[in-house]
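J.: Before we start, here is the structure in question, set down as structure tokens.
The values are calculated or read from the model by the stated rules, or taken from the named source; none is laboratory data. Owing to the predicted nature of the structure, the values given are computational and were not obtained by experimental measurement. Cβ: placed from backbone, ideal geometry, glycine included. Neighbour counts: every protein chain shown. Remember, those area values only see protein heavy atoms, side chains included, never the ligands or the DNA or RNA. Shrake-Rupley method; radii C 1.70, N 1.55, O 1.52, S 1.80 Å.
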Amino acid sequence: MPNPPREVIVPLDFPAKPDALRFLDLFADAGERPFVKIGMELFYAEGPSIVNEAASRGLRVFLDLKVCDIPNTARGAMASLAGLPIDMVNCHALGGLDMMRRAREGLDSRGGRRPLLLGVTILTSIDNARLNNELGIGGGVGAAVVKLAGLAKEAGLDGVVCAPGESMLIHQTCGSDFVTITPGVRFPDEAIDDQHRVVGPDDARRFGCNYIVVGRPINRAVDPVSAYRRYVRAFAGKD
Ligand code: C5P
């Protein structure tokens with residue numbers, strides 16, 4: 001792929017609209033238009049209005065709702081979400097091939113430009129012990145992630161959410177244009193919070209990650225815009 005996407009996505013991990021808008025104002029005042037992620041916390045509190053507000057400010061939106069249900073319901077959920085001004089949306093790959101296919105169908109049902117559909121592989125909060133002992137899935141997390149990424153591709157999804165270290169193998173097995181989106185990125189001088197497998201933005205680039213999702217180091221920084229710019233520079237290989 002000549003120009004693989006390489007961007008920093010900033011999650012709006014806030015409980016309500018006023019906090020999110022204050023945060024976005026900082027970026028608008030600095031002339032920055034970050035790609036934002038709206039997850040369950042904010043979307044369940046505010047609904048589509050927060051998505052419309054971000055889009056009306058010229059921001060691209062990744063709606064991170066991790067849909068997982070029976071195929072028919074997943075299709076309906078995606079058909080509803082397809083009416084929103086979003087650029088990316090996701091569903092759990094563990095919902096299975098048919099569910100992912102129907103989710104894609106739901107997005108296509110509106111016609112016109114559709115958002116990218118990503119599959120969530122294995123949550124980064126699940127380690128080998130949990131996978132084997134709690135969920136009863138054998139083998140390691142890495143093998144399960146690659147298997148689920150293949151399934152997502154077969155279902156017609158555009159890429160997956162995965163850990164940075166899994167990105168390279170996924171591109172090798174699913175193709176370089178199959179998008180990888182990775183949380184768990186930190187500079188060495190920052191707290192890793194509750195992320196377990198953390199890499200720096202320069203390594204994320206070397207692993208071929210297309211988008212990195214960086215939350216607390218940016219949205220809890222004293223100066224969020226400077227923190228964002230530091231990640232953008234490093235992920236672009238300019239530091
Ligand atoms: O603050 P931090 O950088 O850890 O935030 C990471 C963001 O990515 C959060 O919005 C979190 O919900 C999301 N995420 C994650 N791990 C996944 C999927 C999503 O951390 N496996």
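J.: Restricting to Cα pairs below 8 Å that are 6+ residues apart, what does the relative contact order work out to for the stretch 7-236? Please round to a whole percent.
T.: 18
J.: Starting from the amide H of Val179, placed 1.01 Å from N in the peptide plane, find each other amide H under 5 Å away whose residue is 5 or more places distant or on another chain.
T.: Under 5 Å from the amide H of Val179: Gly159, Val160.
J.: For Lys37, what residues show an amide H to amide H distance below 5 Å, using hydrogens built from the backbone and excluding near sequence neighbours?
T.: It is Val10, Leu12, Phe62, by chain and number.
J.: So how far apart, in nm, are the two label points at Phe187 and Asn128 if each is 7 Å from Cα heading toward Cβ?
T.: Placing both labels 7 Å along Cα→Cβ, they lie 3.3 nm apart.
J.: Additional query: Would you tally the net charge around Arg57, using a Cβ to Cβ cut-off of less than 14 Å, leaving Arg57 out, and scoring K and R as +1, D and E as -1?
T.: -1
J.: Moving to a separate point now. Which cross-chain or sequence-distant (5 or more) residues have an amide H under 5 Å from the amide H of Val67, H modelled 1.01 Å from N in plane?
T.: Those lying under 5 Å, H to H, from Val67 are Asn90, Cys91, His92.
J.: Given points 7 Å out from each Cα along the Cα-Cβ axis, report the Glu154 to Ser56 separation in nanometres with one decimal.
T.: 4.4
J.: Here's another thing I want to ask about it. Per residue, how much accessible area does the chain have with a 1.4 Å probe, in Å²?
T.: The answer is 45 Å² per residue.
J.: Could you calculate the FRET efficiency of Ser109 with Ala45 from 1/(1 + (r/R0)^6), where r is the beta carbon distance between them and R0 is 22 Å, rounded to 0.05?
T.: 0.20
J.: Report in % the part of the accessible area of the chain that belongs to carbon and sulfur, leaving out ligands and nucleic acids; probe 1.4 Å.
T.: Of the solvent-accessible surface of the chain, carbon and sulfur hold 51 percent.
J.: In debye, nearest 20: dipole of the stretch 7-236 around its Cα centre with unit charges on the Cβ of K, R (+) and D, E (-)?
T.: The calculated dipole for the stretch 7-236 is roughly 440 debye.
J.: Taking +1 at the Cβ of each Lys and Arg and -1 at the Cβ of each Asp and Glu, which of Val199, Val145, Leu107 sits farthest along the dipole of the stretch 7-236 towards its positive end, judged by Cα position relative to the Cα centre?
T.: With unit charges placed on the Cβ atoms, the residue in question is Leu107.
J.: Cross-link candidates for Lys147: which aspartates and glutamates have Cα within less than 13 Å, leaving aside residues fewer than 8 places away along the same chain?
T.: Output for Lys147: Glu166.
J.: Quick one: grab the alpha carbon gyration tensor of the chain, order the square roots of its eigenvalues as a ≥ b ≥ c, and give me rounded if a/c is under 1.5, else prolate or oblate depending on whether a/b is larger than b/c.
T.: In terms of gyration-tensor shape, oblate.
J.: Would you please give the FRET efficiency between Asp87 and Leu21, computed as 1/(1 + (r/R0)^6) with r the Cβ-Cβ distance and R0 = 22 Å, to the nearest 0.05?
T.: After rounding, the FRET efficiency stands at 0.65.
J.: Cα centroids of the stretch 154-206 and the stretch 71-106: how far apart, whole angstrom?
T.: 22
J.: Would you mind checking Lys17/Lys66; Lys17/Lys153; Lys17/Lys238; Lys37/Lys238; Lys37/Lys153 for any pair whose Cα atoms are more than 29 angstrom apart?
T.: Lys17/Lys153; Lys17/Lys238
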